[in-house]
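To start, the structure under review is shown below, and the notes come after it.
The values are calculated or read from the model by the stated rules, or taken from the named source; none is laboratory data. Predicted model, so just to flag it, every value in this text is computed and none were measured. In this analysis, Cβ positions are derived from the backbone assuming ideal geometry, glycine residues included, and neighbour counts consider all displayed protein chains. Accessible surface areas use protein heavy atoms only, side chains included; no ligands, DNA or RNA. Shrake-Rupley method; radii C 1.70, N 1.55, O 1.52, S 1.80 Å.
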Amino acid sequence: MHRYSDEETRQRLTTLEHRVSSATVALRTVDGKVLVLKATYKDYWSFPGGIIDTRETPRAAAVRECLEEVNIQLSEDELEFVMVVDRVSEYAHTYQFVFQATVAAEVLEGAKIDKREIEMFDVVMVDMIVAGERHYSQTALAWARGERGYREQVFGAGTRE
């Protein structure tokens with residue numbers, strides 16, 4: 001059996017496709033409300049989240065993104081992993097790690113958005129997402145429907161996300 005040297009392993013890894021990952025958090029209350037936001041560069045509502053930085057864990061990225069986008073400080077221990085979404089489009093193949101955290105209603109109502117990136121936010125009942133009163137991300141809709149675990153999404157080809 002051939003044992004690969006460190007150099008052979010590094011060379012092999014450089015030939016593999018590199019995929020970007022992101023992390024998002026459904027910030028919810030015990031009475032069924034959740035924070036949603038409308039980013040300036042998206043035509044749909046979603047949860048706080050974004051790209052995972054180099055050498056950053058999905059949990060750490062989720063905590064950082066909540067602080068950056070809505071000024072809500074969470075700890076990694078508060079996050080419950082609920083889903084990973086394998087997302088494919090003509091442009092990229094990405095993974096989105098989805099967490100949820102239960103917070104007090106005052107925390108959501110006191111959110112302060114980063115206006116450079118976020119147009120507005122709202123606190124809505126989870127069933128309003130399912131009802132489709134606004135255009136929500138596929139991930140937000142899947143989360144609101146109670147989907148958990150592994151999920152696949154295809155972007156483009158008729159979808160609006």
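Does region 21-40 include one or more residues that are open to solvent by less than 80 Å² (accessible area, probe 1.4 Å), of a type outside the set (Val, Ile, Thr), part of a loop (DSSP other than H, G, I, E, B) and under 28 Å from GLU106 (Cβ atoms)? Yes. Only residues that are acidic (Asp, Glu) and at pLDDT below 95 were counted across region 35-84, and they come to 1. From the list ASP43, ASP86, ASP77, the lone residue that is open to solvent by 10 Å² or more (accessible area, probe 1.4 Å) and touching a strand residue (DSSP E or B) at 6+ places or on another chain (Cβ under 8 Å) is ASP86.
Yes or no, residue by residue, for (1) open to solvent by 60 Å² or more (accessible area, probe 1.4 Å); (2) part of a helix (DSSP H, G or I); (3) closer than 18 Å to ALA39 by Cα; (4) of a type in the set (D, E, K, R):
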residue: VAL63; (1), (2), (3), (4): no, yes, yes, no
residue: ILE113; (1), (2), (3), (4): no, no, yes, no
residue: GLU119; (1), (2), (3), (4): yes, no, yes, yes
residue: ASP122; (1), (2), (3), (4): no, no, yes, yes
residue: ILE129; (1), (2), (3), (4): no, yes, yes, no
residue: GLU133; (1), (2), (3), (4): yes, no, yes, yes
residue: ALA140; (1), (2), (3), (4): no, yes, yes, no
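Filtering region 93-116 for residues that are free of Cβ contacts under 8 Å to residues at least 40 places away in the same chain and within 23 Å of GLN153 (Cα to Cα) leaves an empty set.
So, GLN11, is that one within 15 Å of the chain's Cα centre (by Cα) and either open to solvent by less than 50 Å² (accessible area, probe 1.4 Å) or at pLDDT below 95 (or both) or not? Before the answer, list the steps.
Working: within 15 Å of the chain's Cα centre (by Cα): no; either open to solvent by less than 50 Å² (accessible area, probe 1.4 Å) or at pLDDT below 95 (or both): yes.
No: the conditions fail for GLN11.
Filter region 142-157 down to the residues that are in a loop (DSSP other than H, G, I, E, B), open to solvent by 50 Å² or more (accessible area, probe 1.4 Å) and at negative phi and list them by number.
Across region 142-157, the qualifying residues are ARG145, GLU147, ARG148.
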